[in-house]
Amino acid sequence: MLTYAVTAGMERMCMPVLFKEISLDLGLSMVAVGTIWGIDPLAGVFVGLPGGLLADRFGVKRTLVVICLLCGVFGALRGLSDSFVSMAATMFLFGLAVAMVPSIVPKVTTVWFSGKHLGLTNALINVAWSFGAMTATMFSATVFSPLLGGWRHVLLLYGAPAIIMGFLWFATGREPDPDELPATTVSEVPFRQALSQVIRIKQVWIIGLIALTQWGANTGLLGYLPLYLRSIGWTPTLADSAITVVTGVSCLGIIPTVFLSDRLGNRKGILVLSIMIMSISLGLLPIVHGSTVWLLLITGSFFRSGGSALLVVLIFEIKGVGGTYGGTAIGLASTMGMFGAFFAPPLGNSLSDTNLGLPFIFWAILSALSLLGFFFIEERRKLKGEAKSDKSEVKHGKEMF
């Protein structure tokens, strides 16, 4: 949870609220800002799958030690940028490291948990991301930047927690002993075997396409929203608080959404509802004003909050994946998702030259397209022996801590 909060939350989500200051300092256009924001996930296209393979081959502890250290160093390097090219280059380096985190951290949950606890633990990871993102969006531009003397020092500051996390994984993290493994066993498997197994599973590719549309729409929204609100007359503090509210409400909705899916035994249905509400709220944003903007942001954020956790669980529950190939499967889906997160922000931002609201329309349509994928997803039925193994899985989770 701390790893997700620091790397994918704080280090990544400090950028949207700092973009206005960065663009003025470096002379960046709206499209340039969108391109820089998209370069981070572009790097993930190259390392998302290798990151999952590394976790399956060498284990989560050794992999995360290196990843956290790289996130800290490369994240701090962004603060030394003096032009579009140098900022793009350092964002790409940072993206190479941080993009592996969504492929690796969820694998920790399958090492120690399964059954109904798998959904909850993945929800908690996403809650942690929300707390990290809220901290970054709430304080980076309005508190830390004036206090530290500008955006450069803020980025340098955020490099330190990630490096500390690397040392914590090295000193305290561990892999489970064989007799501690839950029902879904996890073993170190060769790269070729893991890749050969995963790429033949059609449902992993379909979930990857769903991730492509959802990551694209979400990344576009998070990067553009503060700039859009400032452009239509909101104060900087109020515009930045909007992105904080989005991440905060997402945090509140994650666990209830996952619990509801467990209670109903229908992850697909909850995901479809979540995506429908998100698409509608995105499409309506450009045509509403004042308090209605807050209503749409809160409603859309609450209902879309559990989407990432539920998609991860769907992947782990696919026949032939489980914990053994989970890192590779998530890596493949994340790679496709990060490709969407790369092209959607600059493409959407480019439409703002015609009308400031058009980017939201584009992202709403992109999000809605993912609904087609659920016609091809078969949700796994609960296995007969799972309920019996749940108590032992709680024990394994406690032993980890």
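The values are calculated or read from the model by the stated rules, or taken from the named source; none is laboratory data. This structure is a prediction, so every number in the text was calculated from the model and none was measured. Cβ placement follows ideal geometry from the backbone for every residue including glycine, while neighbour counts extend to all protein chains displayed.
For the range 363-391, a tally of residues being small (Gly, Ala, Ser) and at pLDDT 85 or above returns 5. Selection within the range 253-280: residues that are of a type in the set (Lys, Arg) and under 21 Å from the mean Cα position of the chain (by Cα). The member of this set that is modelled with the lowest pLDDT is Arg267. For the range 131-142, a tally of residues being under 21 Å from Ala8 (Cβ atoms) and surrounded by fewer than 24 Cβ atoms within 10 Å (Cβ to Cβ) returns 5. The listed residues are Ser274, Ser250, and the only one of them that is in contact (Cβ under 8 Å) with a residue 40 or more places away in the chain and small (Gly, Ala, Ser) turns out to be Ser250.
Close contacts from the range 58-79, counting a first residue that is among the aromatic types (Phe, Trp, Tyr) and a second that is in a helix (DSSP H, G or I) and surrounded by fewer than 23 Cβ atoms within 10 Å (Cβ to Cβ), with Cβ to Cβ under 7 Å and a gap of 6+ residues or different chains, come to Phe74/Thr90; Phe74/Leu93.
Please report, ordered by residue number, the helices (runs of 4 or more DSSP H) entirely within the range 281-357 with at least 2 residues that are at negative phi and modelled with pLDDT under 75.
The qualifying helices (runs of 4 or more DSSP H) are 307-316, 326-350.
If you go through the range 143-174 and keep only what is surrounded by 17 or more Cβ atoms within 10 Å (Cβ to Cβ) and touching a Gly at 6+ places or on another chain (Cβ under 9 Å), you end up with Trp151, Arg152, Val154, Leu155, Leu157, Tyr158, Gly159, Pro161, Ala162, Ile163, Met165, Gly166. For the range 19-48, a residue qualifies if it is hydrophobic (A, V, I, L, M, F, W, C) and free of Cβ contacts under 8 Å to residues at least 12 places away in the same chain, and exactly one does: Leu24. Number of residues in the range 238-269 that are farther than 10 Å from Phe302 by Cβ and either among the polar types (S, T, N, Q) or touching a Gly at 6+ places or on another chain (Cβ under 7 Å) (or both) equals 7.
Among the criteria (1) assigned to a helix (DSSP H, G or I); (2) surrounded by fewer than 18 Cβ atoms within 10 Å (Cβ to Cβ), the one Met278 does not fulfil is (2).
Among the helices (runs of 4 or more DSSP H) contained in the range 138-239, which hold 1 or more residues that are within 22 Å of Val33 (Cβ to Cβ), modelled with pLDDT of 85 or more and in contact with a helix residue (DSSP H, G or I) (Cβ under 6 Å, 6 or more places away or on another chain)?
145-148, 151-172, 202-231
Has the range 257-271 got any residue that is buried (at least 21 other Cβ atoms within 10 Å of the Cβ), of a type in the set (Ser, Thr, Tyr) and in contact (Cβ under 8 Å) with a residue 12 or more places away in the chain? Yes, the conditions are met somewhere in the range 257-271.
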